[in-house]
Amino acid sequence: MEPLQTFLSSLDSQTKYRLSIQPTKGVFILSNSGKREDVKDFSLPINSLLSSLNDIKAHLESFTSKYNEDEWRKAGDYLSDNLAKSLFKSQTRPFFETLNKLLVWVSEGEYKDGEMPLTVENIDKLASEVVKIDFSSFTTEHSLLQEMFSNSKMRLDLPYNRIVFGAPGTGKTFIIDKEAENRFGAIVDISPKDVWQKISEEIQKSDKTAASLFAIGFKYSPTLKKENPKSLVQKFKITYDGAYAINQGIRVVDFFSKLPEYDAEKIDDIIKNQLEALKNEHFLMQAGSAAIGLKYSEYFYGKSTGDIINDLNLSKTSSQASWIWNGAQSANYFEDDTEEKVTHRYERVTFHPNYSYAQFVGTYKPIQDRNDNTVIRYEYIPGPFMRVYVQAMKAKQAGLDDNFLLIIEEINRANVAAVFGDVFQLLDRKNGVSEYPIAASEDVKKYLKDNGIDDCEELRIPSNMYIWATMNSADQGVFPMDTAFKRRWEFEYIGIDENEDGIKDYDVPLQKKEDGSHEWVKWNGLRHSINDKLTEMKINEDKLLGPYFISEEKLKLVEGKKEEKADEFVKAFKSKVLMYLFEDAVKMRPGDLFDENAVGKLRFSDICKKFDEIGQGIFNFKK
């Protein structure tokens, strides 16, 4: 068998993922590809490698021999070594290629990038050979740029300020969501307390209205999720009605998390659509209504149940308006210790034209006093930036290695200079920390101090706080970004076909045939045909159709060529794809994309009508 160092050196020209030995520390050094920034090195101790080999062998069916990022990252949950698991989750491909090279070495086979000889025999042979390695015989070409690991956790090798952009439907949000889920896990309680005691105290101190008890159930749902009204009555000595209100707060957390973000321009439609969806959720009618009230409490602020009934055209005999009102009022009962309510180490916000610095960072707002609802008091209410900032600072103070992420959707739909304000200066970062601090205002100082932050005179973004955003430069009505703002971010462009593997197998219905069934085509094939024609018309790439221009949720609606859902899908196709093409992509030259001889008049209504009859025959390309 060839000496390991000779073997590894021979592969340097064949792959961008390098592997070497750090003899003084007894670790392997693996590198990333340098796709997003300079190439960086990561250390994998021998013991962590051996533990990983043992875990992979025990769950071999979950680890594919050909590289698939989603499958491998998911399989990483089987690793028992915390250090290896952290590295596996954040540097999946380099980890894969490390195993690949070592397995090829012991099997004396041919190295193939992205495909490893993963067998029980090779794993056993590698484990026996690794323990024989004489580290004193090695020299190292790689230097450790920094110590990456501490207490079995590591600093994420990811951009601190990152904007993912591309054409509509390329999966920008999907990419960020996937990385956020994988790399920013469930939050730890930074200041552990006797939770049950605290719940009891809050119940006793509350005014015991449905709104206050709903808020307590919602806030402490992870602790209370196994309780029922009867057990709540026994534990906290409250009435059954009170226990019922707490139980509603517990039950509705998942529903609440799926509600769309507040959008001032669309809020009426958002609320009406969510209430309409609740009609099919009989067991969630009351709790779901309260969740809507809580989520959109800003909209319901100051409204009575009568106002809600009239505004939303609700039944006067239904309790739905009362539960919406209770939910909206419950927003007043959440204390400033927001970090105890967050279930992940990341928070999401969507920018819109009316979004402001006060909403993003924080400001004083009028709050109805919880002890006397006739009294209005003012409190500093933090925005998403300040909430994540406090989380990150508290983790730093506690000596924890947890990382935190703020996700900004549609960053260029707001005036970023106005929204970021003086926070803009904090985006200049060195080793993750703001190079130039800003002075904290008196209200921010007080808020930080009240939340246990020692260093509250100045603001500096800490190295464990990440800010990621999505941007669609093709949309109309977006705000331009100045050069000074843009240079503080790392931009990552998502190509028009970069994420198409996930939708290649979906068929979609088009026109109806004489027997009443639909003509079906591959969505990805139709998308490519449309994009090829748009490219021929010299339309910019950011105007083309991405794989997820039609959401995967809609594609799954007709998965397996479900005829019973075909009409619903076709309606959505016309309102999304055809309208976008007609109103935006080819607005000035519709005749170049749509076949005027087949369609007749180039009016949207005529195009939709003809689509029902001839499907993709409305387009000017070969079928």
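The values are calculated or read from the model by the stated rules, or taken from the named source; none is laboratory data. The model shown is predicted, which means the values in this text are computed figures rather than measured ones. All Cβ positions, glycine included, derive from the backbone under ideal geometry; neighbour counts span all protein chains shown.
For region 115-130, taking the residues that are of a type in the set (S, T, N, Q) and in a helix (DSSP H, G or I), the one that is surrounded by the most Cβ atoms within 10 Å (Cβ to Cβ) is identified as N122. Residues that are at pLDDT below 75 and surrounded by fewer than 17 Cβ atoms within 10 Å (Cβ to Cβ) within region 14-39 comprise P23, T24, K25, G26, S33, G34, K35, R36, E37, D38, V39, listed in sequence order.
Scanning region 434-475 for residues that are surrounded by fewer than 16 Cβ atoms within 10 Å (Cβ to Cβ) and in a strand (DSSP E or B) yields A439, E458.
If only residues of region 476-497 that are acidic (D, E) and either assigned to a loop (DSSP other than H, G, I, E, B) or in contact with a His (Cβ under 7 Å, 6 or more places away or on another chain) (or both) are counted, the one that is nearest to F424 (Cα to Cα) is D482.
Residues of region 458-469 include none that is in the same structural domain as L581 (by TED's automatic domain parsing) and touching a residue at least 60 places away in the same chain (Cβ under 8 Å).
The rows are residues; the columns are (1) closer than 19 Å to F621 by Cβ; (2) among the small types (G, A, S); (3) touching a Leu at 6+ places or on another chain (Cβ under 6 Å).
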position	(1), (2), (3)
N531	yes, no, yes
K538	yes, no, no
E552	no, no, no
F573	yes, no, no
P590	yes, no, yes
N597	yes, no, no
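This table checks each residue for (1) out of contact with any Leu (no Cβ under 6 Å at 6 or more places or on another chain); (2) buried (at least 19 other Cβ atoms within 10 Å of the Cβ); (3) at pLDDT 85 or above; (4) not assigned by TED's automatic domain parsing to the domain that holds F218.
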| residue | (1), (2), (3), (4) |
| --- | --- |
| S257 | yes, no, no, no |
| D263 | yes, no, no, no |
| D268 | yes, no, yes, no |
| N273 | yes, no, yes, no |
| A277 | yes, no, no, no |
| N280 | yes, no, no, no |
| A290 | yes, yes, yes, no |
| G293 | yes, yes, yes, no |
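For the residues V388, V342, the requirement of being surrounded by 21 or more Cβ atoms within 10 Å (Cβ to Cβ) and either modelled with pLDDT of 85 or more or within 30 Å of M471 (Cβ to Cβ) (or both) singles out V388. Pick from region 295-327 the residues that are of a type in the set (A, V, I, L, M, F, W, C) and more than 20 Å from Y262 (Cα to Cα): which of them is surrounded by the fewest Cβ atoms within 10 Å (Cβ to Cβ)? Restricting to residues being of a type in the set (A, V, I, L, M, F, W, C) and more than 20 Å from Y262 (Cα to Cα), the top hit is L314.
For region 229-243, the tally of residues that are part of a helix (DSSP H, G or I) and either modelled with pLDDT of 85 or more or touching a Ser or Thr at 6+ places or on another chain (Cβ under 7 Å) (or both) stands at 5. For region 37-51, the set of residues classified as in a helix (DSSP H, G or I) and either within 26 Å of the chain's Cα centre (by Cα) or of a type in the set (G, A, S) (or both) consists of S48, S51, listed by residue number. Here V195 passes the criteria (1) modelled with pLDDT of 50 or more; (2) within 32 Å of the chain's Cα centre (by Cα); (3) closer than 30 Å to R18 by Cα except the one numbered (3). Residues that are under 27 Å from the mean Cα position of the chain (by Cα) and within 19 Å of T209 (Cα to Cα) within region 296-325 comprise just one, S297. Does L510 satisfy being surrounded by 19 or more Cβ atoms within 10 Å (Cβ to Cβ), assigned by TED's automatic domain parsing to the domain that holds I614 and not in a strand (DSSP E or B)? Considered against the rule, which asks whether it is surrounded by 19 or more Cβ atoms within 10 Å (Cβ to Cβ), assigned by TED's automatic domain parsing to the domain that holds I614 and not in a strand (DSSP E or B), L510 comes out as no. Per the conditions (1) under 33 Å from the mean Cα position of the chain (by Cα); (2) at pLDDT 80 or above, the sole criterion not satisfied by E181 is (2). For region 389-430, filtering for residues that are small (G, A, S) and part of a helix (DSSP H, G or I) leaves 5. Residues that are over 17 Å from I618 (Cα atoms) and over 31 Å from the mean Cα position of the chain (by Cα) do occur in region 506-514. For region 105-115, give me each residue that is in contact with a Lys or Arg (Cβ under 8 Å, 6 or more places away or on another chain) and free of Cβ contacts under 8 Å to residues at least 60 places away in the same chain. Once the filter is applied, which keeps residues that are in contact with a Lys or Arg (Cβ under 8 Å, 6 or more places away or on another chain) and free of Cβ contacts under 8 Å to residues at least 60 places away in the same chain, region 105-115 yields S107, G114, E115. No other residue among A358, A321, A331 is at pLDDT 80 or above, over 30 Å from Q425 (Cα atoms) and not in a loop (DSSP other than H, G, I, E, B) apart from A321. Looking only at residues of region 52-103 that are part of a helix (DSSP H, G or I) and basic (K, R), we find that the one that is surrounded by the most Cβ atoms within 10 Å (Cβ to Cβ) is K101.
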